1. With a ≥ b ≥ c the root eigenvalues of the C-alpha gyration tensor of region 38-82, is it rounded (a/c under 1.5), prolate (a/b larger than b/c) or oblate?
2. Kindly express, to the nearest 10 degrees and within the range 0 to 90, the angle between helix 250-264's C-alpha long axis and the longest C-alpha principal axis of the chain.
3. Compute, for the chain, the length of the dipole vector about the Cα centre, with Cβ point charges of +1 (Lys, Arg) and -1 (Asp, Glu) only. Units Debye, rounded to 20.
4. Would you mind working out the magnitude of the charge dipole of region 147-288 relative to its Cα centre, with +1 at each Lys and Arg C-beta and -1 at each Asp and Glu C-beta, to the nearest 20 Debye?
5. Kindly express, to the nearest 10 degrees and within the range 0 to 90, the angle between helix 137-147's C-alpha long axis and the longest C-alpha principal axis of the chain.
6. Taking the alpha carbon gyration tensor of region 1-61, what are the square roots of 5 times its eigenvalues, largest first, to the nearest whole Å?
7. Please report the projected area of the chain's Cα convex hull averaged over all directions, in nm².
8. Can you tell me the convex hull volume per residue for region 210-288, based on C-alpha atoms, in Å³ to the nearest whole number?
Amino acid sequence: MAATDLDPLVFKAAARDQWDRCAHGWHDHDPQLQAWLRGATQSMLDAAGVVPGAAVLDVAAGSGGQTRDIATAVGPTGRVLATDLSPVLVALAADNARRAGLMNVTVRVADAEDLDVGEGVFDAAVCRLGLMLMPEPAMALRGMLGSLRPGARAAVLVFGEPARNPCVSLLMKTALEHAGLPPRDPFAPGSLLSLGANGRLAGVFESVGFEDVRHGTLAAPFELPSAGHYLEFVRTSASPIVQILAALPPAAAEAAWSDMEARLQVFASSDGWIGPNELVWVSGRRPA
């Protein structure tokens, strides 16, 4: 489902329910997520100006993989607030930070489009692969802007153009075919590629009041032993692909997943399975 299919509040409630149910499976893939996004995450933190001693807001933090990276980067004199819509993910993020001995992390259940984390209290704000799934991303960016001290920066990572993310496009196309649904606008609000069009996210940054907006792209191929391993990862997310197939009878859904695996073999090689992905990063500064 896309955010345009129904009321944003209904969409958000469904997303929260999906992530609560998928949270532990998603968390089990944290090592693969961290390996996949290591370079992109560091680029995001650099773009946001995350430095030792900084106070950082981590929006849509999930189970906290990047939260731990941020906490390590800011050190014991800094602090991190990690927020997410899913209470189950927030609990996992708190537990992961505790297990890692990171005492500078706090967590909070919060709707990214209705942030209430204080005005002008953070030195940086980030959101890794979460903003594109929100029905009204401008509201989330406006909240991030307000949370920053004057002159501080926010940085966001999202999926890029459909042509540069063929795995995502292939999965969506296959899921819709098996569900008997027509093709969808890949840029519809709430979809995986909704903010990937060239300049689109930068324009949203500027529209809510950010200055000195910068943007670029990052290659982030997903390297795994097989297409099956990739699909195991996808099936533990609350992505639109999972939501589409959830409406099918179990046997029909499994047939769709099998078809996806067969089609993804195009990315297999002698070195394993390498799925192309390109991410867009955007950063902006709160006016002084």
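The values are calculated or read from the model by the stated rules, or taken from the named source; none is laboratory data. Please read all numbers here as calculations on a predicted model, not as lab measurements. Quick reminder, even Gly has a Cβ in these numbers, built from the backbone with ideal geometry, and neighbours come from all protein chains shown. Ligands, DNA and RNA are excluded from the accessible area calculation, which covers all protein heavy atoms including side chains. Shrake-Rupley method; radii C 1.70, N 1.55, O 1.52, S 1.80 Å.
1. oblate
2. It works out to around 80 degrees.
3. 520 debye
4. The dipole magnitude comes to about 580 debye.
5. Taking Cα atoms only, the helix is inclined about 20 degrees.
6. Ellipsoid semi-axes (Å, largest first): 28, 17, 11.
7. 13.8 nm²
8. Taking only Cα atoms, region 210-288 has a hull volume of 122 Å³ per residue.
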